[in-house]
Amino acid sequence: MVARRSPEQPPETPDEVELTSSQVQEALHRAKKVKYGKLYREHRLWAHLNCDLLYVEERDTWESVPRPSATPPPYLPLKVELTELTAEEATEALAAAQRRAWGNLASRYHDAQVQYQQAHGKASTPRFTPDELQAWAVQQGIRLGAARMPPRKFSLPLERQQQLFAFCAAYFAGHEGLVRQLGEEWFQDDTFTIKKGLLIAGPPGVGKSYMMACYQQNPHRPYGMVMAERIAAAYKAGDQAEQLQRTFCGMGGQSLCIDDVAAEPGVVKSWGNEEAPLAQVLLGRYSRYERGQLPQWGTHLSTNNPLERYEGMPTDMPSLRDLYGDRVADRLYELCNIIPFDGESRRG
């Protein structure tokens, strides 16, 4: 049997990545599509402001006809492939491709390291202090940001973001005492424990998903990540996605972070029956925890909706208890540390 070759360690910086000819072509085509889209929108805006819609009887059709006083239309190529890039645009397109490739290489390299550590038992997994794990997660954040389109620099400008990031480092490093101390000091809750998972609730755009992605491949308690919307889609697919449904419910004991909970369709139809996918998944994971098939800390959630209603809460925003019922809400208290994460949106 031929051993699988492990991924090579990525270069120190993205600009050291050598792109293949296909990667170069793909990067330039992507940049042309973006530029063409911008030119197309400008052309449509010009037509909206400078043209009238007239009926042409000879062709039995309606056409957009420029007014006599209209300014000349902005340039629009006939198709994407004919869009011309400036030297600066081409250079930036290739640099962005290098950043994406570097991020992918770094992720594959780290995934291979984690898989090796898991395959060779806990003894081979290095124990990080909270500070060491936080430094490691910062590097993960830098790599994730570099691989985005457009790239994002890793930053934690708000005090609440810094607190949650440090709390996650203590939590995933397995430091029970520090987790309890920080929970009481920063979140006014002295019941936090490493035995439970994390439920992070806060407004959109404050960095909940990004932080969980930074710690996803931590060497102590790695976990998968899935959008709640994807879970709903798996249930809508019925028997065709039965294996995936079971995995989401905890079969195999896989730890999982369910992202953007409460943004998915609340009810889907499968074979004519109405189902609430997230409620089924959360109850399924709790059931496996009760039977000893899934660790109590194996379920993490991020959501824009609070678990319970509170005074001053918008009337059109449901709580998780409103959406999934008392049974699910009560189980979440047992499975997760409930962390309120307020802050300003980072989305522009």
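The values are calculated or read from the model by the stated rules, or taken from the named source; none is laboratory data. From a predicted model like this one, the values you see are computed outputs, not experimental measurements. When we count neighbours, we look across all protein chains shown, and the Cβ atoms used for this are built from the backbone with ideal geometry, even at glycine.
From the list GLN254, GLN243, the lone residue that is surrounded by fewer than 16 Cβ atoms within 10 Å (Cβ to Cβ), farther than 14 Å from LEU332 by Cα, polar (S, T, N, Q) and at pLDDT 85 or above is GLN254. Check whether at least one residue in the stretch 51-66 is in contact with a helix residue (DSSP H, G or I) (Cβ under 8 Å, 6 or more places away or on another chain), of a type in the set (S, T, N, Q) and under 23 Å from LEU144 (Cα atoms), and report yes or no. The answer is no, given that none of the residues of the stretch 51-66 is in contact with a helix residue (DSSP H, G or I) (Cβ under 8 Å, 6 or more places away or on another chain), of a type in the set (S, T, N, Q) and under 23 Å from LEU144 (Cα atoms).
Filter the stretch 172-225 down to the residues that are within 17 Å of LEU307 (Cα to Cα) and of a type in the set (Asp, Glu) and list them by number. Result: ASP189, single match. Annotation: of all residues in the stretch 52-80 being touching a Phe, Trp or Tyr at 6+ places or on another chain (Cβ under 9 Å) and among the charged types (D, E, K, R), the one that is surrounded by the most Cβ atoms within 10 Å (Cβ to Cβ) is GLU63. When GLU88, GLU57 are checked against the criterion of being without any contact (Cβ under 8 Å) to a residue 24 or more places away in the chain and over 32 Å from the mean Cα position of the chain (by Cα), a single residue qualifies: GLU57. A Cβ distance below 6 Å, combined with a sequence gap of six or more or placement on separate chains, defines the contacts here; from the stretch 311-335, residues that are under 13 Å from TYR286 (Cβ atoms) reach residues that are charged (D, E, K, R) in the pairs ALA329/ARG321. Which residues, taken from the stretch 205-219, are modelled with pLDDT of 90 or more and not in a helix (DSSP H, G or I)? Matches in the stretch 205-219: GLN216, GLN217, ASN218. Which one is surrounded by the most Cβ atoms within 10 Å (Cβ to Cβ) among residues in the stretch 188-221 that are polar (S, T, N, Q) and touching a Phe, Trp or Tyr at 6+ places or on another chain (Cβ under 7 Å)? Looking at the filtered set, the residue picked out is GLN216. Could you look through the stretch 219-265, keep only residues that are basic (Lys, Arg) and under 29 Å from MET317 (Cβ atoms), and pick out the one that is nearest to the chain's Cα centre (by Cα)? Selected residue: ARG230.
State the number of residues belonging to the stretch 146-166 that are part of a helix (DSSP H, G or I) and free of Cβ contacts under 8 Å to residues at least 40 places away in the same chain.
Qualifying residue count, the stretch 146-166: 4.
On the stretch given as the stretch 281-301, residues that are among the basic types (Lys, Arg) and touching a Gly at 6+ places or on another chain (Cβ under 6 Å) total 2. Taken over the stretch 167-198, residues that are in contact with a helix residue (DSSP H, G or I) (Cβ under 6 Å, 6 or more places away or on another chain) and outside any loop (DSSP other than H, G, I, E, B) amount to 11. Run down ARG321, ARG309 and say which single residue is modelled with pLDDT of 90 or more and of a type in the set (Lys, Arg). Criteria check complete, one pass: ARG321.
Does GLU132 fit the bill of being charged (D, E, K, R), farther than 18 Å from GLY197 by Cα and modelled with pLDDT of 90 or more?
yes
Restricting attention to the stretch 290-306, the residues being surrounded by fewer than 20 Cβ atoms within 10 Å (Cβ to Cβ) and either acidic (Asp, Glu) or more than 20 Å from the chain's Cα centre (by Cα) (or both) number 6.
On the stretch given as the stretch 301-318, residues that are over 9 Å from ALA262 (Cβ atoms) and among the polar types (S, T, N, Q) total 2.
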